Amino acid sequence: MSAMVDGTSVATIHPSTSRLFRCYKVVNAMLRKRGYMVQSEHLNMTPQSFVERFGAHPDRNQLTILVSKDTTDSTSSQLFVFFPEDEKVGVKPIKVYTDHMKTQGVRNAIMVLRQGITPFAKQAVQEMSGEYDIEHFREAELLVDITEHQLVPEHLVLNDAEKTELLGRYRLKEFQLPRIQPTDPVARYYGMKRGQIVKIIRPSETAGRYVTYRICI
């Protein structure tokens, strides 16, 4: 049975390739919603154009993405997305990626895992967290853009200035706000860090929309 992505059948390409295509497209949408500059051709990519660009059986290393934000803060403005080949990522690929990040002067990265990450690799990522911020998602978590689901309200992560303005306007302390865990799927999607505030906009039959705020803690 054919699967459909944006009205296009993905049954014409190999199942593993169509799965990778779906992940690649969701990742690019996620990066854009995080405020990174993403080429429109990546956002609008079709299964056919994906195969034309990367081949019928893509080399996952060729899928590496480097994006930037329109900001003067060079330490946090760039991010790599890596697609490791290993079914379960160990310490060695982590070392390869961090060496590459160091060479390019990039400290943020996302790994899209085929299956998972070994306990030793996970520990290595945690130990490097002071120097490198490496997130990881399994492919299965990126097959669908969760923020596009009709039951998920709009989320907007506030920047530092917006956070300060919000707390000052309502004379709030951070601990007075409802909480969202960094492990929450939507918080992970937006790459939220502890201390960041997200604005949540829900439709309301009476007011048109209902706005709440949560702090990542």
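Values in this text are rule-based calculations from the coordinates and carry no lab data. Note that the coordinates shown come from a computational prediction; the quantities given were computed from them, not determined experimentally. Every residue, glycine among them, receives a Cβ derived from its backbone with ideal geometry; neighbour counts consider all protein chains shown.
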Highest-MSF residue in the chain out of Asn28, Asn108, Asn44 [GNM, Cα springs under 10 Å]: Asn44
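Please pull out the direction-averaged projected area of segment 105-177, using the convex hull of its alpha-carbon atoms, in nm² to one decimal place.
8.1
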Once R0 is set to 22 Å, what does the formula 1/(1 + (r/R0)^6) return for the Cβ-Cβ distance between Ala140 and Asp59, expressed as a FRET efficiency to the nearest 0.05? 0.55
If I fit a long axis through the Cα atoms of helix 160-169 and take the longest principal axis of the Cα atoms of the chain, what angle between them do I get, 0 to 90°, rounded to 10? 30
Could I get the Rg over Rh figure for the chain? Both from C-alpha atoms, Rh via Kirkwood, rounded to two places. 0.99
Projected label distance in nm at Met128 and Asn44, using a 7 Å step from Cα toward the beta-carbon: 3.6
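Give the shape of segment 147-216 as rounded, prolate or oblate, defined through the alpha-carbon gyration tensor: a ≥ b ≥ c are the square roots of its eigenvalues, a/c under 1.5 means rounded, and otherwise the shape is prolate if a/b is larger than b/c and oblate if not.
oblate
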Do any of Lys88/Lys199; Lys25/Lys69; Lys95/Lys163; Lys102/Lys193; Lys95/Lys193 go past 26 Å between their Cα atoms, and which? Lys88/Lys199; Lys95/Lys163
Under the 0.36 nm per residue contour assumption, what length would be gained going from the current alpha-carbon distance of Lys102 and Thr212 to full extension? 35.7 nm
Alpha-carbon centroids, segment 183-217 and segment 84-127: separation in whole Å: 29
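Please report Met37, Met128, Met45 as a ranked list, fewest other C-beta atoms within 10 angstrom at the top and most at the bottom. All intermediate terms of the calculation are to be shown ahead of the outcome.
Values: Met37 11, Met128 16, Met45 20.
In order of increasing Cβ crowding within 10 Å: Met37, Met128, Met45.
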